[in-house]
Amino acid sequence: MDPARVLAASTEITSAALAGDDPDAVLPLVVRRAVELAEADLGLAMITADDGTLTVEASSGDVDPVGADPVGVVLSSRSSAARAARTGVPVVAEDFTTDPRTAPFVPKALRGYGPFAVAPFGTRERRLGALAVYRRRGSAPFRPDTVEVLAAFAAQAGLAVVLAEGSTARQRVAVYQERERIARDLHDVVIQRLYATGVQLDLLDRRLKLEGREARRLAEAVDQLDQTIAEVRATVRALRSADPGAPTDTDLVDSVHAEARTAGELLGFKPEVDISGQFLDVPAELADHARAALREALSNVVRHSGAHRVRIGLERDADRLVLQVADDGCGIPRGVAKRGLRHLEERALAAGGGCEITSSPRTGTTVTWHVPLG
């Protein structure tokens, strides 16, 4: 096999991944190049799920006309592809429909193929899944040198995809933080100044006791300030929504689930969400504070915790609203800036509530944020 072709394919994958493309969009390119390098008829990229099964996420080549589209097919955790993904060792079969290691797990969509090779896809620390290639039944089996090239290419392409995931996560965290900073400045600075200006104009009107045209003009100016404040508040709510296109009056429960989804993309797993109570009548200002507090807490988890499990709790009773974010990570490291934690406390205190934080390297970190209702 021409080493130049292998190098060119690996370089192309790396360039596409590090250019900021969505890692999911890079997978079809990986499969196409694997098919070309192995001189195969079909290639599949399979991603490992939490339960050890593999799901076909991308394919390239000739799909068996009598079978179904393999994309979306789920392979058993006992299949050869799953074993290769789990152990990091490639598996090869001259005919995977008759080989006892592979035959029990052949999906209907792949019964027209025989020669088979699968290599682990990803890195030792971040095993994404497996990259498999197939030839039509009756074709020559894959040679050992071809399998070696496939394994090397799968490792290099997997590393590129892992790096792309990290780059995408960092970009999302940056956007996440910048939107919160802008929202905080609008809420804490711009709105307060507009409100103070409106109060001063109202006092001026009372002192001067204006009448007629001048009084109407001053009243119109105050009304315009009130309208501007309302528009800025709507902008703040939009900035603090996990989905920039979401309506500004999103229910607090929907916001919590949206924030959990966003954090899940950054963490690599979705946080648990436990909600108790009714929240539709929570005042808009308190709901905004809760959304911002949740985002701040999750941002700290994403950036610092190294957690494998995160739980978000939202509870409301007759007297107060309680938000809790708990993780099993490393605790709050020494030397980490506490600015975000101070913002959590400041928001709670501004609404008449409080914020308690417990953290240790053994148990992780729990943030309990609460404000009174009414």
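Numerical summary
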read-out: Condition check for residue 172: crowded, with 16+ Cβ neighbours inside 10 Å, touching a helix residue (DSSP H, G or I) at 6+ places or on another chain (Cβ under 7 Å), at pLDDT below 70 and not hydrophobic (A, V, I, L, M, F, W, C); value: no
read-out: Strands (runs of 3 or more DSSP E) within the range 244-334 that include 2 or more residues open to solvent by less than 20 Å² (accessible area, probe 1.4 Å) and aliphatic (A, V, I, L, M); value: 310-316, 320-327
read-out: Selection count where residues are open to solvent by less than 20 Å² (accessible area, probe 1.4 Å), out of contact with any Ser or Thr (no Cβ under 7 Å at 6 or more places or on another chain) and not hydrophobic (A, V, I, L, M, F, W, C), scope the range 131-163; value: 2
read-out: Inter-residue pairs, beta-carbon under 6 Å, first more than 18 Å from residue 116 (Cβ to Cβ) and in the range 142-162, second among the aliphatic types (A, V, I, L, M), 6+ apart; value: 157/13; 157/30; 158/128; 160/13; 160/17; 161/17; 161/26
read-out: Residue within the range 180-202 that is in contact with a Lys or Arg (Cβ under 8 Å, 6 or more places away or on another chain), at pLDDT below 75, of a type in the set (A, V, I, L, M) and open to solvent by less than 70 Å² (accessible area, probe 1.4 Å) present; value: yes
read-out: Some residue of the range 1-19 being assigned to a loop (DSSP other than H, G, I, E, B), open to solvent by 20 Å² or more (accessible area, probe 1.4 Å), at pLDDT below 80 and touching a helix residue (DSSP H, G or I) at 6+ places or on another chain (Cβ under 7 Å); value: yes
read-out: Selection within the range 62-98 - crowded, with 17+ Cβ neighbours inside 10 Å, more than 33 Å from the chain's Cα centre (by Cα) and modelled with pLDDT of 90 or more; value: 92, 93, 95, 96
read-out: Total residues in the range 203-252, condition of a type in the set (A, V, I, L, M, F, W, C), under 25 Å from residue 181 (Cβ atoms) and modelled with pLDDT of 65 or more; value: 9
read-out: Residue that is modelled with the lowest pLDDT, among those in the range 32-48 that are touching a Ser or Thr at 6+ places or on another chain (Cβ under 6 Å) and crowded, with 24+ Cβ neighbours inside 10 Å; value: 38
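The values are calculated or read from the model by the stated rules, or taken from the named source; none is laboratory data. On a predicted model such as this, the values are computed, not experimentally measured, just so you know. Glycine also receives a Cβ, built like all others from the backbone with ideal geometry; neighbour counts cover every protein chain displayed. Side chains included, ligands, DNA and RNA excluded: accessible areas come from the protein's heavy atoms. Shrake-Rupley method; radii C 1.70, N 1.55, O 1.52, S 1.80 Å.
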